[in-house]
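A.B. asks: Structure provided below as structure tokens; questions to follow.
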There are 2 protein chains.
Amino acid sequence: MILVNGECRSHIEISDRGFQYGDGLFETIAVTNGQPVFIGRHIDRLEAGCRRLYIPFPSTELLTFEAKKLCQHSSKAVLKMILTRGSGGRGYRQPDVIQTTRVLSLHPFPDYPDIYKVQGITALFCDTRLGLNPGLAGIKHLNRLEQILARAEWTNPDIQEGIMLDMNEHVIEGTMTNLFYVKNDTLYTSSLALAGVAGIMRGIIMAMSYDYGFSVIEHTFTKDELLSADEVFVCNSIVGIWPIKQIATTCFSVGERTRQLQTWLTQFQNEAISGGF
Amino acid sequence: MILVNGECRSHIEISDRGFQYGDGLFETIAVTNGQPVFIGRHIDRLEAGCRRLYIPFPSTELLTFEAKKLCQHSSKAVLKMILTRGSGGRGYRQPDVIQTTRVLSLHPFPDYPDIYKVQGITALFCDTRLGLNPGLAGIKHLNRLEQILARAEWTNPDIQEGIMLDMNEHVIEGTMTNLFYVKNDTLYTSSLALAGVAGIMRGIIMAMSYDYGFSVIEHTFTKDELLSADEVFVCNSIVGIWPIKQIATTCFSVGERTRQLQTWLTQFQNEAISGGF
């Protein structure tokens, strides 16, 4: 089921700038027991993205209403929300009056085996590099060719994620996840000043860690630093936390810190679902 | 009028990866006397872009047929051709079988005054920087947020183009044009190894210059080098060659080399139109 500006439709105008230029933003949200989980955070991020791209933000109330309406009968699903700059303008120039397009769609929850969460996943390093772009870094926008080229690098079903570096050979994130590692009891994640998406789950894990008195450092790091970590994991709003058991030929144990964060996260998610936020 | 996979339609599936991720390519083509000008070159570039993005290319014959059919009754127009990776796949992962979507649409020719060609245009330097991305550099793909943010920097109608630099402060191109300058009787243009679009008109101007024994150098250069040029011009398939008479506070004369290239280009375009290629 798809809602386009509040109406059931499966099509979009060809003139929509989302289609013409990737001129928009999106969110991918887990749905559990009829609730879009962490909906408030996702809508806040859409609003922040709209500010950065000068797209008029529809309204928190409207988006929350439509999201909850679409999800109410789903026990388990994925909700995708897209906002675009609508139609019009001349070429790249935006129209004088922007009518933001909003598209909310519901999709089956992916059938990832539970053992990914328990035993961890296997990853590789992608050859595709993330471009450096401070103007777009951090935003979950619709220009996703880099991720598509990176994800096209492997078809082996034993590999679950690809880790992407930027042009300076700094490790940034997975193709669809953010990345963390633990070294000497400190949690590290990539700085996203020049590339990458500032994921909702990444933000929750960082805030949760601070709350529990566990320090998190955002910095730039190389492949070698990552491979010498004690624990590594990736995260996003759909999979939660997946430990990494292997990157290329280097193996990792699923460590105590990762387990602890998984436990805290499950608890926090359950509170969000029962509280409807 | 719009043709989607050969049928008259004004909509596209929301699931199309062009809309979901900007997963595709496009061409903007001048139409004169019922002919899409330089159609062969534009379709060749689409094919080259498809190879770089692993999108199955429909066929030169089919695209040429549809383009000519759509344009046959237009004396003056703009033809836009979009190819996307179609629908399907899981997230960024492309579908196992890709059904390329092709969208051909006809638009009014923009009403730029003739004096832009004769007396030149005024440009500014944009603050928005082009990301560095060798994997995508040169391709006319659908990920165009950088150009949109750059074009949103000015609304003053006396400014016709914005010149974009990359993150290393090298001058790359205009928001919708490629850039050339003349210094001591040599023609220079930006290297597009890390950023920018390798325009059809840029390629024609370079080839034409070589043919007439006039050397062209592709290199990296700064704002200061550009501002010390004898002549500067921008080009694309719709406007042809526009001399630049002013960038920020620096003025330029419309020089002999620019005039010569304009004359050669008009001649070459007329041959293309009468020859139907």
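Taken together, the values in this text are just the output of simple stated rules run on the coordinates, not laboratory data. Note that the coordinates shown come from a computational prediction; the quantities given were computed from them, not determined experimentally. As a convention, Cβ positions derive from the backbone with ideal geometry for all residues, glycine included, and neighbour counts pool all protein chains shown.
A.B. asks: So how far, in whole Å, is the C-alpha centre of region B:185-219 from the one of region A:162-189?
C.D. replies: If you average the Cα positions of each part, the centres end up 39 Å apart.
A.B. asks: When DSSP assigns beta bridges and you keep just the ones with both residues in the protein assembly as shown, what percent turn out antiparallel, to the nearest 5?
C.D. replies: 80
A.B. asks: For region A:233-248, take each phi angle, set θ = phi - 60°, evaluate the Karplus expression 6.51 cos²θ - 1.76 cosθ + 1.60, and give the result in whole Hz per residue in order, putting x for glycine and proline.
C.D. replies: Result, rounded to whole Hz: 8, 10, 8, 7, 5, 8, 8, x, 10, 10, x, 9, 9, 7, 10, 6.
A.B. asks: Between B:Asp96 and B:Asn270, what's the calculated FRET efficiency when r is the beta-carbon distance and R0 is 56 Å? Round to 0.05.
C.D. replies: After rounding, the FRET efficiency stands at 0.75.
A.B. asks: Whole-Hz Karplus ³J(HN,Hα) for region B:178-193, in order, using 6.51 cos²θ - 1.76 cosθ + 1.60 and θ = phi - 60°, x for Gly and Pro?
C.D. replies: My calculation for region B:178-193 gives 9, 10, 10, 9, 10, 9, 6, 6, 10, 9, 10, 9, 6, 6, 10, 5 Hz in order.
A.B. asks: May I pose another question? If we count every other residue with Cβ under 15 angstrom of A:Tyr21's Cβ, Lys/Arg +1 and Asp/Glu -1, where does the sum land?
C.D. replies: +3
A.B. asks: Which pairs in the list A:Lys140/B:Lys117; A:Lys68/A:Lys117; B:Lys69/B:Lys223; B:Lys76/B:Lys245; A:Lys68/A:Lys245 are over 32 Å apart, alpha-carbon to alpha-carbon?
C.D. replies: As for pairs spanning more than 32 Å Cα to Cα, those are A:Lys140/B:Lys117; B:Lys69/B:Lys223; A:Lys68/A:Lys245.
A.B. asks: How far, in nm to one decimal, is A:Pro108 from itself in the other copies if the label point is set 7 angstrom along Cα toward Cβ? Shortest first, please.
C.D. replies: Sorted ascending, the copy-to-copy spacings read 4.8 nm.
A.B. asks: Provide an ascending nm list, one decimal, of label-point separations from B:Lys68 to the equivalent residue in each further copy; define each label point as 7 Å from Cα along Cα→Cβ.
C.D. replies: From this label point to the equivalent ones elsewhere in the assembly: 5.9 nm.
A.B. asks: Take every Cα pair under 8 Å in region B:195-262 that's 6+ residues apart, average their separations, divide by the length, and report that relative contact order as a whole percent.
C.D. replies: After rounding, I find 28 percent.
A.B. asks: Under a 5 Å amide H to amide H cut-off, with H placed in plane at 1.01 Å, what residues pair with B:Asn133 once short-range neighbours are removed?
C.D. replies: The answer is B:Ala195.
A.B. asks: Say a label goes 7 Å from Cα toward Cβ at B:Asn5 in every copy; what distances in nm does this one have to the rest, shortest first?
C.D. replies: Sorted ascending, the copy-to-copy spacings read 2.5 nm.
A.B. asks: Over all residues in B:91-99, what is the mean tally of Cβ atoms on other chains that come within 10 Å of each residue's Cβ?
C.D. replies: Averaged over the peptide's residues, the number is 4.
A.B. asks: Pull up all non-local amide H partners of B:Gly174: gap of 5 or more, or a different chain, and H-to-H distance under 5 Å with H placed in the peptide plane.
C.D. replies: Amide H to amide H, under 5 Å and 5 or more residues apart or across chains, B:Gly174 pairs with B:Met164, B:Leu179.
A.B. asks: Arrange B:Val239, B:Val103 by Cβ neighbour counts within 10 Å, fewest through most, would you?
C.D. replies: B:Val239, B:Val103
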